[in-house]
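The values are calculated or read from the model by the stated rules, or taken from the named source; none is laboratory data. The structure presented is a predicted model; accordingly, all values stated were derived computationally and were not measured. No Cβ is skipped: glycine too gets one built from the backbone with ideal geometry, and neighbour counts run over all protein chains shown. In case anyone asks, the SASA skips ligands and DNA or RNA and just uses the protein heavy atoms, side chains included. Shrake-Rupley method; radii C 1.70, N 1.55, O 1.52, S 1.80 Å.
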Amino acid sequence: MKHSDVIVIGSGVAGMTAALASAQQGKSVTLLTYGASSLSLNSGLIDILAFDDEHKAVKSPLEGIKSLPADHPYSKIGADYVEKAVEFFCAFAKKYHLPYHGSLNSQMMVPTAVGTLKPTCLAPHSLSGSESFVGKKKVVVVGVKGLKDFYADIMIQNLKKAMGEELSYESVEIDTGIEGGRDLTILDVARWLDTPKGVDSFTEQLKSYKGQTETVLIVPQILGTSGHACYLTVASRMETDVVETTGLPPSTNGLRLQAIFRQALKDNGVEFVENTKVIGAREEGGRCTGVIAQAGIRQKVYTADKYILATGGFYSGGITMRDFEQPREEVFGLPVFFVKGEENWSNAELFSNKPQGYAKTGVLTDENLRPVDENGKLVLENVYVVGRDLGGYDLCFEHSGNGVALASGYKAAQM
């Protein structure tokens, strides 16, 4: 039986942030994960807080956090830790050649694949939409022959609404030459652009736009599968701004972020145990003494001084509800908060100006992110809950998913 200082359960943004921040304090860390990380489904953008409870736009995420109700995860984390978490993340991402930028005091607007603009707080340079739009007079949407789920004409129609009719818009299509008789995916094209031959062909087909400093080229999320080297090469050769859109999964940028997290964890000595499902825990005297993990038909107990739960809540099976109003946290059996009453469970409209009741389901914690029951009593003193396992917020409604994941993962590592 191996003993660690810290065991992290889960490998999304929250889990990997907690593991990396713990390891950088000199702690021995074991990360247990089952299945693929959610980052392939994740834009990789760090949305801190874009909308308030009334769905009004938040201009300053940092100021917006200070106005949230007491049971919101950000209120438990605290604005100071959010600022420290952002500093930690930006330093790590820059070190691993995927630099992010932005500010906690303003929103950046990033184009989506259908031409709307979404607010975010931190983005890599290739996705920093509105910062590249300043002073532009022409928008060129670059489509790819055979690429599914990206339609330049629809995108232009919506960009005109979002950015104004006074700009000039046009589209162009490039040909990758990839054959195989099927539609191309974003990853197919990104891998093509990982190659010198792909970059040469891409920039050659767009050479008529070279040096047009008042033009911005908007492309699908195709500028390479790792880091930002491909983006730098293309932008340098084109001598104009190039901006990627968000898009449907798989997310190239989410995979870029996953890759640098994994490399950083390896470099910091984190033991990464994959294909291992944590199915239960042992407790004694109000503390967890070990978690039981299953790989295939074998079970193994992992022990640590501290346990960080980052299993992803409803979205990843960390919290289940086989019977209505009986939610269950699957590892420790922690008390789970949920909005009671079937009439309050969901809105008739999936996308409305009100949060979804079911989305707030999760574990409530004290200010140190340790789980508490409905009376506020501490449940397990050496267990910490982070990311989507936390209750009391609707990440889709308020655009705070990766922000809460990052900040809670960072704070849990400091406790």
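Computed quantities for the displayed model
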item: Qualifying position, being in a loop (DSSP other than H, G, I, E, B) and touching a His at 6+ places or on another chain (Cβ under 7 Å), among Gly227, Gly177, Gly247; result: Gly227
item: Single residue of Arg237, Arg256 found to be among the charged types (D, E, K, R) and in contact (Cβ under 8 Å) with a residue 60 or more places away in the chain; result: Arg256
item: Criterion (in contact with a Leu (Cβ under 7 Å, 6 or more places away or on another chain) and not small (Gly, Ala, Ser)) met by exactly one of Lys411, Lys377; result: Lys411
item: Qualifying residue in the stretch 366-374 (condition: open to solvent by less than 10 Å² (accessible area, probe 1.4 Å) and either out of contact with any strand residue (DSSP E or B) (no Cβ under 6 Å at 6 or more places or on another chain) or modelled with pLDDT of 95 or more (or both)); result: yes
item: Test set (1) under 20 Å from the mean Cα position of the chain (by Cα); (2) assigned to a helix (DSSP H, G or I); (3) farther than 30 Å from Leu369 by Cβ - Tyr81 fails condition number; result: (3)
item: Yes/no for Lys94 being basic (Lys, Arg), open to solvent by 50 Å² or more (accessible area, probe 1.4 Å) and within 17 Å of Asn268 (Cβ to Cβ); result: yes
item: Members of the stretch 256-273 found to be crowded, with 22+ Cβ neighbours inside 10 Å and not β-branched (Val, Ile, Thr), listed by number; result: Arg256, Leu257, Gln258, Phe261
item: Condition check for Ser75: out of contact with any helix residue (DSSP H, G or I) (no Cβ under 9 Å at 6 or more places or on another chain) and either over 25 Å from Ile279 (Cβ atoms) or open to solvent by less than 10 Å² (accessible area, probe 1.4 Å) (or both); result: no
item: Any hit, the stretch 204-221, residues being crowded, with 16+ Cβ neighbours inside 10 Å and under 20 Å from the mean Cα position of the chain (by Cα); result: yes
item: Extreme residue, nearest to Leu49 (Cα to Cα), among residues of the stretch 107-130 that are open to solvent by 10 Å² or more (accessible area, probe 1.4 Å) and hydrophobic (A, V, I, L, M, F, W, C); result: Met109
item: Inter-residue pairs, beta-carbon under 7 Å, first open to solvent by 10 Å² or more (accessible area, probe 1.4 Å) and among the aliphatic types (A, V, I, L, M) and in the stretch 375-403, second modelled with pLDDT of 95 or more and part of a strand (DSSP E or B), 6+ apart; result: Leu378/Val372; Val379/Pro371; Val379/Val372
item: Check on Thr246, surrounded by 17 or more Cβ atoms within 10 Å (Cβ to Cβ), closer than 21 Å to Ser128 by Cα, touching a residue at least 60 places away in the same chain (Cβ under 8 Å) and not aromatic (Phe, Trp, Tyr); result: yes
item: Every pair of residues 6+ apart whose Cβ atoms lie under 8 Å, when the first sits in the stretch 89-112 and is among the aromatic types (Phe, Trp, Tyr) while the second is in a loop (DSSP other than H, G, I, E, B); result: Tyr96/Gly227
item: The stretch 346-363, subset open to solvent by less than 50 Å² (accessible area, probe 1.4 Å) and assigned to a loop (DSSP other than H, G, I, E, B), residue farthest from Ala281 (Cα to Cα); result: Ser352
item: Residue check, Gly198 over 22 Å from the mean Cα position of the chain (by Cα) and either in a helix (DSSP H, G or I) or surrounded by 17 or more Cβ atoms within 10 Å (Cβ to Cβ) (or both); result: yes
item: In the stretch 150-162, residue farthest from the chain's Cα centre (by Cα) [restricted to those that are open to solvent by 40 Å² or more (accessible area, probe 1.4 Å) and closer than 15 Å to Glu173 by Cβ]; result: Asp153
item: Any hit, the stretch 88-109, residues being of a type outside the set (S, T, N, Q), in a loop (DSSP other than H, G, I, E, B) and modelled with pLDDT under 95; result: no
item: Residues of the stretch 274-296 classified as assigned to a strand (DSSP E or B) and buried (at least 17 other Cβ atoms within 10 Å of the Cβ), total; result: 7
item: Matching residues, the stretch 277-336, being over 16 Å from Thr30 (Cβ atoms), touching a residue at least 60 places away in the same chain (Cβ under 8 Å) and touching a strand residue (DSSP E or B) at 6+ places or on another chain (Cβ under 9 Å); result: Glu283, Gly286, Arg287, Gly312, Gly313, Phe314, Gly318, Ile319, Glu329
item: Condition met for Lys340 (within 29 Å of Arg370 (Cβ to Cβ) and part of a loop (DSSP other than H, G, I, E, B)); result: yes
item: Unmet requirement for Val234, which otherwise passes all of (1) in a loop (DSSP other than H, G, I, E, B); (2) surrounded by 21 or more Cβ atoms within 10 Å (Cβ to Cβ); result: (1)
